[in-house]
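Report on the structure given below.
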Amino acid sequence: TRRPRSAGWRSTWWPADRAALDQAMNRVQHFVFALVDEFTHLAFSCAIEPLRIANLVSQQELYRWSLASADGHGVTASNKITCHVDASFSEMPTGDRVVVVTGLNLRRKQLGPLIAALRRERRRGAQIGAICSGAFVLARAGFLDGRKAAIHWEYHDGFREEFPNVALVGSVFTTDEQFFTAYGGTAAADLMLHLIERD
């Protein structure tokens with residue numbers, strides 16, 4: 001059964017200073033998820049669901065999101081589920097945060113249009129992130145040199161060999177004011193909860 005939405009229920013979620021909270025949440029944050037063919041559906045779900053639940057619990061639109069793919073058409077996950085998207089990488093909407101979601105066979109993908117879009121969004125001031133094997137994309141774009149990064153453990157050896165100037169870490173996610181990275185799977189939820197808490 002659903003717990004009653006009483007004042008006591010709300011106080012377990014929100015600080016006592018409701019006016020300060022409302023002011024902090026006055027601006028809706030827009031996430032753009034850049035989905036690469038064969039992306040990991042579990043990681044994507046774990047990234048987007050905390051945003052939906054934050055809106056539900058707060059009874060406000062704190063977050064909205066858009067989806068993009070290489071050609072602007074449906075993109076298929078590694079589990080064969082196809083997601084409809086809003087735009088292509090070349091027409092990616094402006095967002096506060098852009099999250100690259102990848103998965104299998106990334107080295108075989110044509111990533112030029114995605115990297116160009118990420119560089120464009122970075123120049124506009126967006127925070128750029130990646131989950132699962134997506135740190136490869138950020139590293140190829142030149143974003144991670146001299147920075148810490150997290151990537152799914154299966155890709156550690158290859159990543160270290162290709163990008164020796166990136167400080168690969170064993171933690172499930174990394175984040176700073178410009179970039180964030182995370183392992184796949186449920187680590188994406190850990191990352192997103194951290195970002196929500198920081199907001």
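The values are calculated or read from the model by the stated rules, or taken from the named source; none is laboratory data. Fair warning: this is a prediction, and the values are worked out from it, not measured in the lab. Every residue, glycine among them, receives a Cβ derived from its backbone with ideal geometry; neighbour counts consider all protein chains shown. Ligands, DNA and RNA are excluded from the accessible area calculation, which covers all protein heavy atoms including side chains. Shrake-Rupley method; radii C 1.70, N 1.55, O 1.52, S 1.80 Å.
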Seminar exercise, completed: ALA47 meets each of (1) more than 15 Å from the chain's Cα centre (by Cα); (2) at pLDDT 95 or above; (3) of a type in the set (Gly, Ala, Ser) with one exception, condition (1)
For this session: Just name the residue that is modelled with the lowest pLDDT out of those in region 106-147 that are under 22 Å from SER45 (Cα atoms) and assigned to a helix (DSSP H, G or I).
Result: LEU106
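One line per residue, one yes/no per condition, for (1) farther than 20 Å from THR94 by Cα; (2) acidic (Asp, Glu); (3) open to solvent by 80 Å² or more (accessible area, probe 1.4 Å); (4) modelled with pLDDT of 95 or more:
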site	(1), (2), (3), (4)
ARG5	yes, no, yes, no
TRP14	yes, no, no, no
MET25	no, no, no, no
ILE53	yes, no, no, yes
TYR63	no, no, no, yes
SER69	no, no, no, yes
Problem set entry | Residues (free of Cβ contacts under 8 Å to residues at least 60 places away in the same chain and out of contact with any helix residue (DSSP H, G or I) (no Cβ under 6 Å at 6 or more places or on another chain)) located in region 49-64 | ARG52, ILE53, ASN55, LEU56, VAL57, SER58, GLN59, GLN60, ARG64
Seminar exercise, completed: Of the residues in region 152-192, those that are within 13 Å of the chain's Cα centre (by Cα), of a type outside the set (Gly, Ala, Ser) and surrounded by 15 or more Cβ atoms within 10 Å (Cβ to Cβ) come to PHE173, THR174, THR175, PHE179, PHE180, THR181, TYR183, ASP190, LEU191, MET192
